[in-house]
Structure formats: structure tokens, C-alpha cells
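Peer 1: Handing you this structure, nothing more for now.
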Amino acid sequence: MKAMNVILIGPPGSGKGTQAELLRERLGFVHYSTGDVFRDHIARKTPIGLEVEEYVVSGRLVPDETVLEVVNAFLTDNAGKPILFDGFPRTIPQAEGLAGVLAGHHVHVDVAVLVDLSDEEVVRRLTARRQCRNCGRIYNLSFKPPKHEGVCDVCGGDLYQRKDDSEQTIRDRLRVYHEQTEPLIRYYSEQGRLQRVAGELGRDKVYEQVSRMLAGAQER
Ligand code: AMP
């Protein structure tokens, strides 16, 4: 895989994280999820963790400056590799910040993939989502349940429900998505970099389409 920079945009629960994991395993992308980075800082009680905890728990966006600080540090070590940004950028200033940092490394965003999903489907999926505390693997009680309740199939870790996956917080996160993140669709579309896929299609069909889009973008 050529060193591409790919962005996954989509509402919470659209399957971005699952797709990113597949693309990492099968095509060798570095999967960079700012949500995972923040949850890790919170668990380790670092200064960044203490700063961002109230935002993450309540489903509000962490200030752009803090987000760009962690992304900058990540890119210092990883620019030039094939990278999948999952859950970043989430605002126009973050997208502009990213463009600037990437330009400093002589690269740019190659493709922005929108994984779309209706609000009702988001709520249905996320209230059933569970994650492994140990390895981070994601399950869904409706369509991808673990073999044994509460236990990760892969590592035997404890499965838990993210605090921000309660229905009220999901509704708040959707509102934030529509207000602050959706403008990115137009931003990348105007640059001729946007590709869309319907999240309703499910994991395998979405993967098929996304991998085809990325192969096409590589040839350009
Ligand atoms: P996620 O796992 O991507 O759903 O992110 C979980 C939470 O982390 C979000 O609801 C925000 O509070 C925070 N977060 C993650 N990525 C960003 C970002 N790019 N900008 C602002 N806040 C973020």
C-alpha cells in the first residue's frame, strides 16, 4: 500500500472503527483513532487525560487545540506511512490544521470516505455496542455477540459498555456530529476527495466498497 492518508468520516456507530481495523489487518494501514488515544490517556490519568475526560464522557468535542497537539505528535513519528484517520478531523479547523501539518511532511489527504448511517440506526447500534477492556475489540449484542456473555472471544478480557454509549449521550453526539462534523463533507467534496458508502450495507459490503475506493485512489 502506497503511503496514503485516508480519513474516515461518519456518525458515531457507523462502523468506522471496524472498517479501520479491517484495513489495518488486511492492507497494512496505521489505524489512528483520536477517540482511542483519548480513552487511553484517561485510563492512564495523564495530564491530557485529565483535561479531556469531561468532554469524552459527555460526548462533547475536545477543543481543537488539544486534538491537534496529539495528532501533531503522532504525525512526527508516522507521517509518510499509510494512515487511516478514524474520528479525526471532526471540525473544519481540525481539517485545516491537519492539511497544514501534512503539508509540512510533504504529503496530503488522499481520500475522505464518508460512511453514512441514519440517526435511528446509530442509536439502535450503539446502545447494543460493547468493547473489550483489554484488547479494544468491538462487539454488538444484536449482530456480533460474543460467544460467552461479557467475555472477549479473542483475549478473554472483560466486555464493557462505553459511558458515552447511553441513549441520551448518543443523541448529544449525533447533534454534535450534524453541527460540527458534517461540514467536512462539503469541505472534502469541494476538493474532489470525498467518497461515500452506505453504512447500512454492513461490515463486509462496506469493506469491499472502501477497499475498492482506496485501490482506485492509489492509481490516480
Ligand atoms: P470516538 O471514539 O471517535 O467516538 O470519540 C469519543 C469521544 O472522544 C468524542 O465524543 C469526543 O469527546 C472525543 N474525540 C475523539 N476524537 C475527537 C476529535 N477529533 N475532536 C474532538 N473530540 C474528539
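The values are calculated or read from the model by the stated rules, or taken from the named source; none is laboratory data. Since we're looking at a predicted model, the values are computed, not measured. For neighbour counting, all protein chains shown are included, and Cβ atoms are generated from backbone atoms with ideal geometry for every residue, glycine included.
Peer 1: Kindly indicate the residue of the stretch 85-141 that is polar (S, T, N, Q), within 14 Å of the ligand (Cβ to nearest atom) and not in a strand (DSSP E or B) and also surrounded by the fewest Cβ atoms within 10 Å (Cβ to Cβ) among those meeting that condition.
Peer 2: My answer is Thr91.
Peer 1: With respect to the numbered conditions (1) within 14 Å of the ligand (Cβ to nearest atom); (2) outside any helix (DSSP H, G or I); (3) surrounded by fewer than 16 Cβ atoms within 10 Å (Cβ to Cβ); (4) of a type outside the set (Phe, Trp, Tyr), which one is the sole condition not fulfilled by Gly80?
Peer 2: (1)
Peer 1: Moving on. Name the single residue that is farthest from Gly192 (Cα to Cα) among those in the stretch 101-121 being touching a helix residue (DSSP H, G or I) at 6+ places or on another chain (Cβ under 9 Å) and not aliphatic (A, V, I, L, M).
Peer 2: Out of the qualifying residues, it is Glu121.
Peer 1: Could you please give the count of residues in the stretch 24-62 that are within 10 Å of the ligand (Cβ to nearest atom) and assigned to a helix (DSSP H, G or I)?
Peer 2: 14
Peer 1: Quick test for you: out of Val71, Val101, Val111, pick the one residue that is farther than 22 Å from Asp40 by Cα, at pLDDT 95 or above and under 15 Å from the mean Cα position of the chain (by Cα).
Peer 2: Val111
Peer 1: Regarding the stretch 164-184, can at least one residue be identified that is over 17 Å from Val122 (Cα atoms) and part of a strand (DSSP E or B)?
Peer 2: no
Peer 1: Shifting gears a bit: When the residues of the stretch 157-190 are narrowed to those that are closer than 24 Å to Asn5 by Cα and touching a strand residue (DSSP E or B) at 6+ places or on another chain (Cβ under 8 Å), which ends up surrounded by the fewest Cβ atoms within 10 Å (Cβ to Cβ)?
Peer 2: Ile185
Peer 1: Hey, any hits in the stretch 63-77 for a residue that's outside any helix (DSSP H, G or I) and within 11 Å of the ligand (Cβ to nearest atom)?
Peer 2: yes
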